[in-house]
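The next block holds one structure in the form of structure tokens; read it before the comments.
The values are calculated or read from the model by the stated rules, or taken from the named source; none is laboratory data. Predicted model, so just to flag it, every value in this text is computed and none were measured. Virtual Cβ from ideal backbone geometry, glycine too; neighbours counted across all protein chains shown.
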Amino acid sequence: MKQHRSTSGEVRTQVVRESLDGVPTAELARKYAVSQRSIRAWVREYQEKAALANKSTASTGARLDSARRLAEMEEKYEQVQKLLAEKELESEILRALINTKTNSPASMNDLKFRNHSSGRGNR
């Protein structure tokens, strides 16, 4: 029966790094006295974990980007609301000015004067 000995995590990490750096699996197997199959399994496991970590980081990055865009859009929305409120106030002030000018006594006198000068008096 074969003996199974445990290889420390540090040694596994070192073997995986060397393998990813291009050192042949057979050479690593002789150097660290482990099977090539074990080295390939460690590399595969490392790559799967790295892929999961990248997915997690990518989705976090996307969420941060979306949150940033949302904050920018909310700020622009508030600016547009303020501009709209200012324009509505200006419009209201202009309407009030127009109403006071047309209803003022001076404007009524102008209208009477214009009617008399055109020859259309109240007879």
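Of the residues in the stretch 39-57, none is under 30 Å from VAL11 (Cα atoms), at pLDDT 85 or above and outside any helix (DSSP H, G or I).
Residues of the stretch 15-47 that are surrounded by 15 or more Cβ atoms within 10 Å (Cβ to Cβ) and either within 40 Å of the chain's Cα centre (by Cα) or of a type in the set (A, V, I, L, M, F, W, C) (or both): VAL15, VAL16, GLU18, SER19, LEU28, ALA29, VAL34, ILE39, TRP42, VAL43, TYR46.
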